[in-house]
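> My structure is below; once you've seen it, I'll send some questions.
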Amino acid sequence: MSRIVLVTGGSRGIGAAIASRLAQAGDVVYAASRSGQAPTHPRIHGIVLDVNDIDGLRAGVDAIVQAEGRLDAVVVNAGNGICGPLEEMKEEDVRYQFETCFFGAVKTIGACVPVMRAQGFGRILAVTSFAALVPLPYQVMYSSAKAALEMAVMGYAVELKPFGIQCGCVLPGDTATGFTSARKYIDLAEDSPYRDRFQRCMDTVSRDEQGGMPADRIARAVARQLSRRRMRLEVVPRADYWLLSALIKLLPRRLALLAMEKLYNKS
Ligand SMILES: NC(=O)c1ccc[n+]([C@@H]2O[C@H](COP(=O)([O-])OP(=O)(O)OC[C@H]3O[C@@H](n4cnc5c(N)ncnc54)[C@H](OP(=O)(O)O)[C@@H]3O)[C@@H](O)[C@H]2O)c1
């Protein structure tokens, strides 16, 4: 039976790849974003929805249930990024990061849970990031928002299990999408002591992302998760990233920080 799936951030990048892959497998997909654009496919419906607008989210979920009779799964994928040295980040920069990547994700889940609880089934799958496992230099608030979301999803997994709702996360590493060009850069102080290191780091990050996995590699992991009888709590696509994630969890934290320093904070 085809599933009814809401994918946030479905207009481009990873979300669009997820929408395409699920639709090709027979699912009916509601691809939500602020632009409302979506890949062209008879089973993909593009909808205009800002994950920071709780009323819009509730109305969107209601409309899906009205049309389809149920909501089988939500892929909480919409996200953005802002970068800058911690010392120079203003409160509004931090709020910008948490607004969509954490609060927007939590609001999305919050809009879907009552429907899924009443049905007695449902799946909540969040696209977090490998960055949730380590603080990426100059993207620390991105790492923090994704780590907070990971923790929240683990909590939902416990609280929603009695209602037949499964929860999990997919943690992509570098993936070639428009995320790189959409990332916001904070305005550095004129005499910022971070300028050169920050620039070098972000040049490396941008290069790594644009040379990274195709978005469909993440979509494949998401599709596999949704098809499992029991979803995994955490999936890290691609063997090399999976191995690194296992190492990060096993080794003393200072070694992971040392690696971050060597990779991204060169003088
Ligand atoms: N690319 C990577 O290397 C990478 C690595 C790890 C994790 N991720 C995560 O993967 C997810 C998808 O990223 P991506 O690489 O596909 O980035 P992307 O190409 O920039 O796509 C972001 C998507 O989110 C939507 N979006 C942004 N703000 C939104 C809002 N307030 N409400 C609704 N939709 C919103 C965008 O559509 P509109 O602009 O039309 O709203 C777009 O569809 C993000 O959560 C990101 O953090 C990406």
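> Taking a label point 7 Å from the Cα of R200 along the Cα→Cβ vector, which residues of segment 83-110 have an amide N closer than 16 Å to it?
What the label zone holds, given the 16 Å backbone N cut-off, is 85.
> What length, rounded to one decimal in nm, is gained on full extension from H41 through to L188, with 0.36 nm per residue of separation minus their alpha-carbon distance?
Contour length minus the Cα-Cα distance gives 48.6 nm.
> Another one. Round to the nearest 0.05 the FRET efficiency obtained for F121 and L255 when R0 = 41 Å and r is the Cβ-Cβ distance.
0.45
> Say we join alpha carbon atoms closer than 10 Å with springs in a Gaussian network model of the chain; which of L136, L49, L86 then has the biggest fluctuation?
Sorting by GNM fluctuation, first place goes to L86.
> Moving on to the next point. If you build the Cα gyration tensor of the chain and take the root of 5 times each eigenvalue, what three semi-axes come out, in whole angstrom, biggest first?
That gives 32, 19, 17 Å for the three semi-axes.
> Return the single residue from V158, V113, V28 with maximal mean-square fluctuation; model: Gaussian network over the chain, springs between Cα atoms under 10 Å.
Its mean-square fluctuation being the largest, the pick is V158.
> How much mean residue ellipticity at 222 nm does the chain get from its helices, if each DSSP H run of length 4 or more adds -39500 (n - 2.57) and you divide by all residues, to the nearest 500 deg cm²/dmol?
Value at 222 nm, helices only, nearest 500: -15000 deg cm²/dmol.
> Calculate, for V48 and E99, the FRET efficiency according to 1/(1 + (r/R0)^6) with r their C-beta to C-beta distance and R0 25 Å; round to the nearest 0.05.
Taking R0 as 25 Å, the efficiency between V48 and E99 is 0.85.
> On to the next question. So what are the ³J(HN,Hα) numbers for segment 64-70, from phi and the Karplus equation (6.51, -1.76, 1.60; θ = phi - 60°), rounded to whole Hz, Gly and Pro as x?
My calculation for segment 64-70 gives 5, 5, 4, 6, 10, x, 6 Hz in order.
> Please give the net charge around R232, taking every other residue with its beta carbon less than 12 angstrom from that of R232, where Lys and Arg add +1 and Asp and Glu add -1.
Net charge around R232: +4.
> Against the longest alpha carbon principal axis of the chain, how many degrees, from 0 to 90 and to the nearest 10, is the axis of helix 140-160 turned?
Once rounded, the angle reads 30 degrees.
> Excluding I4 itself, calculate the net charge of residues whose Cβ lies under 9 Å from the Cβ of I4, where each Lys or Arg counts +1 and each Asp or Glu counts -1.
-1
> Right, another one. What does the charge add up to near A189, with Lys and Arg as +1, Asp and Glu as -1, over the other residues with Cβ less than 13 Å from its Cβ?
Surrounding charge for A189 is -3.
> So which residue, out of L57, L244, L133, gets the largest mean-square fluctuation from a GNM of the chain using Cα contacts under 10 Å as springs?
L244
> Given labels modelled 7 Å from the Cα in the Cβ direction, how far is it in nm from D62 to R224?
3.9 nm
> Also, I was wondering about something else. Take D216, project a point 7 Å from its Cα along the Cβ direction, then tell me which residues of segment 1-25 have their backbone nitrogen under 19 Å from it.
So the set is 10-25.
> Which of K184/K262; K107/K146; K161/K249; K146/K249 have a Cα-Cα distance over 22 Å?
Over 22 Å apart, Cα to Cα: K184/K262; K161/K249.
Computed from the coordinates by the stated procedures, all read-outs in this text should not be read as laboratory data. What you see is a predicted model; the values in this text were computed from it and never measured. FYI the Cβ positions are ideal-geometry reconstructions off the backbone, even for glycines, and counts take in every protein chain you see.
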